[in-house]
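Taken together, the values in this text are just the output of simple stated rules run on the coordinates, not laboratory data. What you see is a predicted model; the values in this text were computed from it and never measured. Glycine also receives a Cβ, built like all others from the backbone with ideal geometry; neighbour counts cover every protein chain displayed.
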């Protein structure tokens, strides 16, 4: 029987789980660190799930049709997903990139033939580096631009289709592939759709699953006075910040009972070290947020109470979009 697919959109999801076996053996870890390789999605990241979810949601509600132009803010991966999946399904896309987006991602957008914009083109948040990024202001700005241009704002930061897609796909995939043996679920957050939707599903299946959020330490946040110059790309704080700065999907799903068991702060420099080490031990080539999430998972694995437990961690993308950064450069 033919296994030829008609579109890359049909290939989103069903990414494999891989244990960090060599690293565990080298350092005598008693827990099992199991990574979900989301960079094996068609355009190279977990955000392909989000892109497909946003497009399907717009079509289902009769808000878009083939030939329309989509618009959203992105650190790169969501935009790349909307470009690739969007083109496959007949849509154009105009991305507004946050500062710090790597040159590789900009080049990918140019390869897709896109008109690339930045946060500085959004009047409502042009001074965010001084004031902090208020998501409501960012959303107001991009909505205004969408209305003026006649584009469709996909709303990755607020659209419940984001976390619902993970509830329906990522969560069940993890549950089935581990035979229901998940003790910890570890992930970073940007929009927080991955951790909210997947976490909700896993906790529904097993209320004892520990949901661990990972966020960049203050020294790795560009809007912090403690910023050292190294960032964990594409992520936002999940906890310990003013309410307007908390990702919308976390706030809206508190009423559904979603909450973190723990939130771990990770410095970018520690994530870089983890990425370089696991490239040598297990052949992984992780992006910054994947390496940061893995760093947190390793911390958990070293705890006595984690012995024999399965720690599932999301690897959102690989390191190919970060070659211009310090991520894989040798430390002096």
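From most to least packed by mean Cβ count within 10 Å, the peptides 55-61, 70-76 give 70-76, 55-61. For the chain, take the longest principal axis of its alpha carbons; what is the angle in degrees between that and the long axis of helix 77-89, to the nearest 10 within 0 to 90? Helix 77-89 sits at roughly 60 degrees to that axis.
DSSP bridge analysis restricted to the chain gives an antiparallel fraction near 15%, rounded to the nearest 5.
For the chain, the relative contact order is 21 percent, taking Cα pairs closer than 8 Å that sit 6 or more residues apart in sequence and dividing their mean separation by the residue count. Subtracting the Cα-Cα distance of residue 273 and residue 181 from 0.36 nm times their residue separation leaves 30.2 nm of extension gain. Peptides 306-313, 80-87, 14-21 ordered by packing proxy, namely the average of other Cβ atoms within 10 Å per residue, highest first: 80-87, 306-313, 14-21. Each Cα pair under 8 Å and six or more residues apart adds its sequence gap; the mean of these over the residue count of the stretch 47-153 is a relative contact order of 26 percent.
Place the peptides 318-326, 176-184 in order of packing, highest mean first, counting for every residue the other Cβ atoms within 10 Å and averaging per peptide.
318-326, 176-184
Add -39500 (n - 2.57) for each DSSP H run of 4 or more in the chain, then divide by its residues: what number comes out at 222 nm, to the nearest 500 deg cm²/dmol?
Values: 12 runs with 126 residues, N = 332.
Rounded to the nearest 500, it is -11500 deg cm²/dmol.
Angle of helix 288-301 to the longest C-alpha principal axis of the chain, folded into 0 to 90 degrees and rounded to 10: 30°. Rg ratio for the stretch 47-153: its Cα radius of gyration over 2.2 N^0.38 Å, N being its residue count, equals 1.03. The angle between the Cα long axis of helix 135-149 and the longest principal axis of the Cα atoms of the chain comes to about 40 degrees, rounded to the nearest 10.
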